[in-house]
Amino acid sequence: MESQIGRIDTPTQADTTPHAEPSRGFFSWYRDITPNERRTFWSCKVGYALDAMDTQFLSFVIPTLIATWGISRADAGFIGTATLLTSAAGGWVAGILSDRIGRVRTLQLTILWFAFFTFLCGLAQNYEQLLIARALMGFGFGGEWTAGAVLIGEAIRARDRGKAVGMVQAGWAIGWGLSALLYALVFSLLPAETAWRALFLIGLLPAVFVIVLRRMVKEPEVYTEHKAREARQDQERASFAEIFSPKLLSVTLRAALLTTGAQGGYYAITTWLPTFLKTERGLTVLGTGGYLAMVIVGSYIGYVTSAYLTDRIGRKRNFILFAIGSMAIALAYTHIPVNDTVMLLLGFPLGFFASGIFAGMGAFLTELFPTRVRGSGQGFCYNVGRAIGAFFPFLIGQVSQQMTLGHAIGIFAAAAYGVLILAALTLPETRGKQLEA
């Protein structure tokens, strides 16, 4: 077992050759990639943006649903929890499918899935129907991340993989901003009781994007070569259980801890901070478009910065840097007296660190697993982290009954990012790793 794990932890030749060195200049890497790689890059980035757009619609219409249907905050919150849990299951399934039927085809299926069920949310006649439609939408939402991350991770050369995958991840902030703009537009044109439905109905538009995917994006060469060799040698099909084999078990568990720390910390901060700052600090800036814009801009710049740093300083150091920054911003929010002006400014580093930490995740998970089970490994690790992290908001709510909400947020955020740092320290550095066919 030790020798097998050692093969994974040993740096590849690409780690020490000039080919593995980061490209000079912010955009020189993009000029160097092939037309097919560019099409793959933009397809995955747009797919992430559309995924985020459909996903974020719910956060904007919750007040309208509470007023229109008379549901409680707990009912509204349960819709979000159900979406996260089903998205975790969807990510696992999409990972397995991407190893079986291909990265591009799985991406197409997941986009069609979340677009269709977002559309159905707009037709819901009661809370129960909305809950079911939204939970099913989450299945595709989680699957799209996995399929897209594996696809772009395999399509881009080793020296630029971190930048490309991180820039694709930045599409999430674009979709978030787009959902906010559409919300403002639709609710200014229609009465609230109609506008929330129209917003969800717009969510069907990403389905049109699948036509582009079918025509312009090809499977990564490393994947097609592997499948061809598998057919020639009449090899047995890859099994999801292989990620728990002696060869991969240690990496799988440590990678799952890494993603649990990142997502647990993110949910701990973003779920409860608005409530803490509004109820215990009495701040009003949180409800303004300016504060939301500051967080979204910070998120995008955080994604881009992290994307470059993960190739420049390495995957592990980048995770640790952003984890420390996220812990610091959580402590600043919960322990330093601030006014509305300072809180508005703090929205930028909140988005920068809490979101930016995810930019290096796709490339790192791509490099940790062999092509045969890359989708399965990546899908499992990222989404088990999402499933466990989804319980952090609930646990903070329970613990806050015994202590202040600010202390509860700080404890869980620190614990989550501490787990991430420990996992990062024990995992191998994979920057510049060549993917085997």
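Using a/c under 1.5 as the rounded threshold, could you call region 33-220 rounded, prolate or oblate? The axes a ≥ b ≥ c are square roots of the C-alpha gyration tensor eigenvalues, and prolate needs a/b larger than b/c, oblate otherwise.
Working: a/c = 2.33, a/b = 1.85, b/c = 1.26.
Cα axes put region 33-220 in the prolate bin.
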Checklist entry - Fewest first, what order do 59, 72 take by the number of other Cβ atoms within 10 Å? => result 72, 59
Item to check | Charged-residue dipole, Cβ positions (Lys, Arg, Asp, Glu), region 171-248 about Cα centre, Debye nearest 20 | outcome: 160 debye
Checklist outcome for this item: Of the candidates 323, 361, 273, the farthest towards the positive dipole end of region 244-437 (Lys/Arg Cβ +1, Asp/Glu Cβ -1, centred on the Cα centre) is 361
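Below 8 Å between Cα atoms, with a sequence gap of 6+, how large is the relative contact order for the chain in percent? Write out the running numbers ahead of the final one.
Numbers: 757 pairs, mean separation 120.8, N = 437.
This gives 28 percent for the chain.
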Checklist entry - Could you give the nm distance between label points at residue 59 and residue 221, where each point is 7 Å from its Cα heading toward the beta carbon? => result 3.9 nm
Item to check | Charge dipole (region 315-400, unit charges on Cβ, about Cα centre) - positive-most of 378, 400, 348 | outcome: 378
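If the only charges are +1 at each Lys and Arg Cβ and -1 at each Asp and Glu Cβ, what is the size of the charge dipole of the chain around the Cα centre, to the nearest 20 debye?
Details: 36 positive and 28 negative charges, 128 e Å.
So the dipole magnitude of the chain works out to roughly 620 debye.
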Checklist outcome for this item: Given 391-404, 82-95, 303-316, the highest-first ranking by average Cβ count within 10 Å works out to 82-95, 303-316, 391-404
Checklist entry - At q = 0.09, 0.11, 0.15, 0.18 Å⁻¹, what is the log10 ratio I(q)/I(0) for region 244-437, with the Debye formula run over Cα points and no solvent? => result -0.34, -0.50, -0.87, -1.16
Checklist entry - Tell me, what is the percent relative contact order of region 244-437, built from C-alpha pairs under 8 Å that lie six or more residues apart? => result 44 percent
Checklist entry - When 237, 386, 73, 105 are ordered from fewest to most other Cβ atoms inside 10 Å of their Cβ, what list results? => result 237, 73, 105, 386
Checklist entry - How far is the Cα center of region 316-331 from the Cα center of region 346-379, in Å? => result 14 Å
Next on the checklist: For the chain, I need the span (max minus min coordinate) of the C-alpha atoms along each principal axis, in Å, sorted largest to smallest.
Outcome noted: 62, 44, 40
Item to check | Calculated from backbone phi, Karplus (6.51, -1.76, 1.60) coupling profile of region 329-342 in Hz, x at Gly/Pro | outcome: 5, 5, 5, 4, 5, 9, 10, 9, x, 9, 10, 4, 5, 5
Item to check | Over the chain: helical MRE at 222 nm, DSSP H runs n ≥ 4 each giving -39500 (n - 2.57), nearest 500 | outcome: -25500 deg cm²/dmol
Checklist entry - Does anyone have the angle between helix 35-69 and the longest principal axis of the chain? Alpha-carbon axes, 0 to 90°, nearest 10? => result 20 degrees
Checklist outcome for this item: Non-local residues with an amide H under 5 Å from the amide H of residue 157, with H modelled 1.01 Å from N and Pro and chain starts lacking one, are none
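Any read-out appearing in this document is the output of simple, stated calculations on the displayed coordinates, not a laboratory observation. Note that the structure is predicted; figures quoted are calculated from it, not measured. Note that we place each Cβ from the backbone using ideal geometry, even for glycine, and neighbour counts take in every protein chain shown.
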